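Take a look at the structure below.
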Amino acid sequence: MKVLIVCSGNAPDFNFQIHQAFIYEQIETVKRYYHIDYDKFFIKGKGIRGYLKNLPSLKNKIKNYKPDIVHAHFGLSGLLANMQRSIPVILTLHGSDLNINEARKYSVIAKLLSKATIIVSEKMLIYVKKKNNDYIIPCGVDLEKFYPIAKNESRERLGWGKDKVYVLFSSRFDNEVKNFNLAKKSLELLDNLNIEIVELKNRSREEVNLLLNAVDLLLLTSFSEGSPQIIKEAMACNCPVVTTDVGDIKEMIGDTEGCYITSFDPKDVAEKIKLAIHFARTKGRTNGKAKIGKYDNHVIAKQIYEVYQRVLDENL
């Protein structure tokens, strides 16, 4: 089976293994267990016009590669992929492509055109109606890349102090959906604790694993999410978590001690951060890794392969 992955390639100094890591890791796991041949088409340009300018190049790629399936990630990529009708398209919707109004209209059209749609969180169904060819499959986490390391060892490798409080923010500070303003207001209420907040930006997978093991907690204050990878990665590292109740996070962390759901009130966020710091300083790490077996990439790979096979069988 030959599968062509279609996704954005717009990030500066684009490196598929870093900027689209969750897609890359999914591909590598499916390849390893099901011997599927993959190739990739990276879209250059932004907005609907920028994306559609890639159509001649995509058609040429399809002509030369001759895939059995096109697997597009995010709604606008799916819309482009469906502009050719010779090869069936599977679309994965990740969250921002439905949560954000401007992107949603293109995602809905792409979903209607696609042979099957993978939706990473049940909560995303508030924006679209589930159909027979829709599948709820979150992106998985690579448990060989994300695993516990002793905090002191991690801090030593990063050159960090042993006694300082470090909080890892879930993304770039300037990513509006991630709502850094709430994180900042909350931490200002805790200025007596000497907290340093660390921006998650331009890091390799190895560096992210090291950070999650070195910090006292991960902080996610997003307005919306689908099924955020960073929470799964934090759980895999047994890292305490403070997070707003978005996407499938509540299901993901469950009753894990040391992980806290918060409202969008800065005082509430600050209080939950204090609880997480206390947990980290008294009990150490969570047992998050034991709770996320169903998100293991090996489990997710089987579900992805089954969707591929169904689509192929239907198109014989």
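The values are calculated or read from the model by the stated rules, or taken from the named source; none is laboratory data. Quantities reported herein were computed from a predicted structural model and do not represent experimental measurements. Here Cβ is always computed from backbone atoms with ideal geometry, including for glycine, and neighbour counts include all displayed protein chains.
Laid out as a table, the results:
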| quantity | calculated |
| --- | --- |
| All positions within segment 258-275 that are on the phi < 0 side of the Ramachandran plot, within 23 Å of the chain's Cα centre (by Cα) and either among the acidic types (D, E) or crowded, with 16+ Cβ neighbours inside 10 Å (or both) | C259, Y260, T262, V269, I273 |
| Candidate set: segment 276-288, residues that are among the small types (G, A, S) and touching a helix residue (DSSP H, G or I) at 6+ places or on another chain (Cβ under 9 Å); chosen: the one surrounded by the fewest Cβ atoms within 10 Å (Cβ to Cβ) | G284 |
| Which listed residue is without any contact (Cβ under 8 Å) to a residue 24 or more places away in the chain and within 26 Å of D163 (Cα to Cα), from I261, I277 | I261 |
| Wholly enclosed strands (runs of 3 or more DSSP E) of segment 142-245 bearing at least 1 residues assigned by TED's automatic domain parsing to the domain that holds Y260 and without any contact (Cβ under 8 Å) to a residue 40 or more places away in the chain | 195-198, 241-244 |
| Cβ pairs under 6 Å, 6+ apart, first in segment 41-55 and closer than 16 Å to I5 by Cα, second at pLDDT 90 or above and aromatic (F, W, Y) | I43/Y51 |
| Residues of segment 97-126 satisfying the condition of being part of a loop (DSSP other than H, G, I, E, B) and crowded, with 17+ Cβ neighbours inside 10 Å | S114, K115, V120, S121 |
| Failed item, numbered, when N179 is tested on (1) farther than 21 Å from N287 by Cβ; (2) surrounded by 24 or more Cβ atoms within 10 Å (Cβ to Cβ); (3) not charged (D, E, K, R) | (2) |
| L217 aliphatic (A, V, I, L, M) and crowded, with 19+ Cβ neighbours inside 10 Å | yes |
| When residues of segment 20-62 are limited to those that are of a type in the set (D, E, K, R) and assigned to a loop (DSSP other than H, G, I, E, B), the one surrounded by the fewest Cβ atoms within 10 Å (Cβ to Cβ) | K46 |
| Residue satisfying condition, being within 17 Å of I48 (Cα to Cα), at pLDDT 95 or above and hydrophobic (A, V, I, L, M, F, W, C), within set A150, A72, A183 | A72 |
| Residue satisfying condition, being modelled with pLDDT under 95 and either in the same structural domain as L220 (by TED's automatic domain parsing) or not hydroxyl-bearing (S, T, Y) (or both), within set P67, P138, P88 | P138 |
| Candidates F279, F264, filtered to the one that is assigned to a helix (DSSP H, G or I), among the hydrophobic types (A, V, I, L, M, F, W, C) and at pLDDT 95 or above | F279 |
| Test: residue in segment 79-92 that is over 20 Å from the mean Cα position of the chain (by Cα), closer than 18 Å to E306 by Cβ and assigned to a loop (DSSP other than H, G, I, E, B) | yes |
| Residue check, K294 basic (K, R) and loosely packed, with under 13 Cβ neighbours inside 10 Å | yes |
| Scope segment 90-141; condition touching a residue at least 60 places away in the same chain (Cβ under 8 Å), touching a Leu at 6+ places or on another chain (Cβ under 8 Å) and over 15 Å from S227 (Cβ atoms); matching residues | A116 |
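Results for (1) touching a helix residue (DSSP H, G or I) at 6+ places or on another chain (Cβ under 7 Å); (2) among the aromatic types (F, W, Y); (3) under 25 Å from D142 (Cβ atoms), shown as yes or no for each residue.
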| position | (1), (2), (3) |
| --- | --- |
| I27 | no, no, yes |
| R32 | no, no, yes |
| D39 | yes, no, yes |
| G45 | yes, no, no |
| V70 | yes, no, yes |
| F74 | yes, yes, yes |
| L79 | yes, no, no |
